[in-house]
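Peer 1: Before anything else, here's the structure in question.
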Amino acid sequence: MQRRGIALIEVLVTLVVLMFGLLGLAWVNNRSNLGEMEAYQRVQALLLLQDMSSRLNANRQVATCYSNGATGVQVGTGTLSSSIPTCASGNARQQAQVAADLGSWDGQIKGQSETLSTAKVGAMIGAVGCVTQDSVGSNVYLIAVSWQGLTPTAAPTLADGSPFTCGNGLYGNEKLHRVITTKIRIGALS
């Protein structure tokens, strides 16, 4: 009686094929997780962008205070809440509202809405928010939220090809720099 068995080489080939399949599955899972985190950060940035544009629209009489005139305001990672400028325009209530809005936006960008022990984890990686006036005397304001992505893409630039200033240089590699923007035009009402 002759016995038949599986040759050792067939078992090894099967294991190699199985290993490549599992490695492929792990790679797909990793890419899926990266994509999910990138999407989560983009949604958070969009919410923060909409929040500040709503705040600026609600207190439009002193819109220049949100951008500190032509200087621009930057809040978030690497900035201090005490760096929020004081405003000379408008009345005391409007000035207090600007300070409260910028302080609240700063806290949200730094992730104060969710904490893990004492660490603030409710925002994007390295998030920065900027409010700038397009040009001196204009009633057009650019609101931007910048953060660090997880995979390199293209470095953000302005329409003229120059680097985007909000968050520029904070992430080591500009190809990890992500930015979303919106412009707000304040109408001159009489």
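The values are calculated or read from the model by the stated rules, or taken from the named source; none is laboratory data. Keep in mind it's a predicted model, so treat the numbers as computed, not measured. Quick reminder, even Gly has a Cβ in these numbers, built from the backbone with ideal geometry, and neighbours come from all protein chains shown. These area figures cover heavy atoms from the full protein model, side chains too; ligands, DNA and RNA do not enter into them. Shrake-Rupley method; radii C 1.70, N 1.55, O 1.52, S 1.80 Å.
Peer 1: How many angstrom separate the Cα center of segment 62-95 from the Cα center of segment 111-151?
Peer 2: Answer, in whole Å: 15.
Peer 1: Which sequence of 134, 160 reflects their accessible areas, 1.4 Å probe, from the largest down?
Peer 2: Sorted by accessible area, descending: 160, 134.
Peer 1: For the chain, what is one quarter of the convex hull surface built on the Cα atoms, given in nm²?
Peer 2: Details: hull surface 70.2 nm².
Average projection, Cα convex hull of the chain: 17.6 nm².
Peer 1: How much of the accessible area of segment 36-129, probe 1.4 Å, is carbon plus sulfur, in whole percent?
Peer 2: Working: 2560 of 4740 Å².
That fraction is 54 percent.
Peer 1: Compute the Cα gyration tensor for segment 1-99, then decide on rounded, prolate or oblate, letting a ≥ b ≥ c be the square roots of its eigenvalues: rounded whenever a/c is under 1.5, prolate when a/b is larger than b/c in the other cases, and oblate in all that remain.
Peer 2: Prolate, since a/c reaches 1.5 and a/b exceeds b/c.
Peer 1: Let me ask you something else. If r is the Cβ-Cβ distance from residue 154 to residue 120 and R0 is 41 Å, what FRET efficiency results, to the nearest 0.05? Let's see the in-between values first.
Peer 2: Values: r = 29 Å, r/R0 = 0.71.
Taking R0 as 41 Å, the efficiency between residue 154 and residue 120 is 0.90.
Peer 1: For the pair residue 86/residue 37, report the inter-label distance in nm, with labels modelled 7 Å from Cα in the Cβ direction.
Peer 2: 4.2
Peer 1: If you take the beta carbon distance between residue 168 and residue 79 as r and set R0 to 22 Å, what does 1/(1 + (r/R0)^6) give as a FRET efficiency, to the nearest 0.05?
Peer 2: 0.95
Peer 1: Here's another thing I want to ask about it. How large is the translational diffusion coefficient of segment 69-177 in µm² per second when you combine the Kirkwood radius over alpha carbon pairs with Stokes-Einstein at 10 °C and 1.306 mPa s?
Peer 2: Numbers: Rh = 15.3 Å.
For the chosen part, D equals 104 µm²/s.
Peer 1: Taking 25 Å as R0, compute the FRET efficiency from the Cβ-Cβ separation of residue 186 and residue 104 and round it to 0.05. If you can, show how the numbers build up before the last one.
Peer 2: Working: r = 20 Å, r/R0 = 0.82.
The calculated FRET efficiency here is 0.75.
Peer 1: Continuing with the same structure: For the chain, what is the accessible area per residue in Å² when the probe is 1.4 Å?
Peer 2: Roughly 61 Å² per residue, with all protein chains present.
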